[in-house]
Structure formats: structure tokens, C-alpha cells
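Trainee: Sharing a structure below in C-alpha cells format, with a few things to ask.
The values are calculated or read from the model by the stated rules, or taken from the named source; none is laboratory data. Bear in mind the structure is a predicted one, so any value in this text is a computation, not a measurement. No Cβ is skipped: glycine too gets one built from the backbone with ideal geometry, and neighbour counts run over all protein chains shown.
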Amino acid sequence: MTHPDYFQVLVAVDQLVNTLLGGYADETLSSRAWRHKKDGSRSWPAWILDHLFFWQDGHCKAAYESEIERRQLPPSMRKEATNA
């Protein structure tokens with residue numbers, strides 16, 4: 001087994017912070033922010049995060065779609081997850 005790359009470590013830290021702030025354990029702050037914007041409960045977190053990641057167009061929306069498509073899972077689990 002190899003050590004995860006830096007991006008995976010950053011995602012894990014992001015998910016930990018999200019969980020400590022009352023979010024779901026397997027969700028990033030950006031995905032959560034987009035989910036709240038989408039349901040109309042609050043839009044300011046997505047605005048802030050999208051501006052922090054200004055070099056990524058639609059950062060929060062992309063993070064949300066990544067969660068929906070289960071791109072955070074290992075490839076072997078993605079197919080099983082969509083067929084379940």
C-alpha cells in the first residue's frame with residue numbers, strides 16, 4: 001500500500017473540518033456549501049469558497065458533482081456504488 005498523495009490528504013483534512021463543524025463525515029466543505037446554496041438555505045459559504053478558489057470556475061458546484069458521482073472512491077468501488 002502506498003501513501004496517499006497530497007490531494008487526498010487535503011481532502012481528508014477538509015472532510016474532518018466539515019465534520020467538526022456539524023457536516024457529514026464524507027463530504028467536503030465546498031460540497032456542503034453548494035448543497036446549501038442549491039436548497040436555498042444559505043448561499044454565502046459557496047460565494048466565499050468560490051472566491052477563495054478563484055482559479056477554479058464553479059469550485060463548489062464541481063465539488064458537489066464529484067461527491068454525487070462518487071469520484072472520491074477508488075475506481076473499483078465506483079462501479080459497485082452506481083449499480084447498488
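Trainee: Testing Ala33 on (1) assigned to a loop (DSSP other than H, G, I, E, B); (2) touching a helix residue (DSSP H, G or I) at 6+ places or on another chain (Cβ under 7 Å); (3) at pLDDT 90 or above, one condition comes back false. Which one is that?
Mentor: So the condition that Ala33 fails would be (1).
Trainee: Then there is this: Out of Asp26, Asp50, which single residue is part of a helix (DSSP H, G or I) and among the acidic types (Asp, Glu)? Write out each step before concluding.
Mentor: Values: Asp26 fails: part of a helix (DSSP H, G or I).
Answer to the selection: Asp50.
Trainee: Same structure, new question: So, in the range 1-33, of the ones that are out of contact with any Lys or Arg (no Cβ under 9 Å at 6 or more places or on another chain) and in contact (Cβ under 8 Å) with a residue 40 or more places away in the chain, which residue ends up surrounded by the most Cβ atoms within 10 Å (Cβ to Cβ)?
Mentor: Val11
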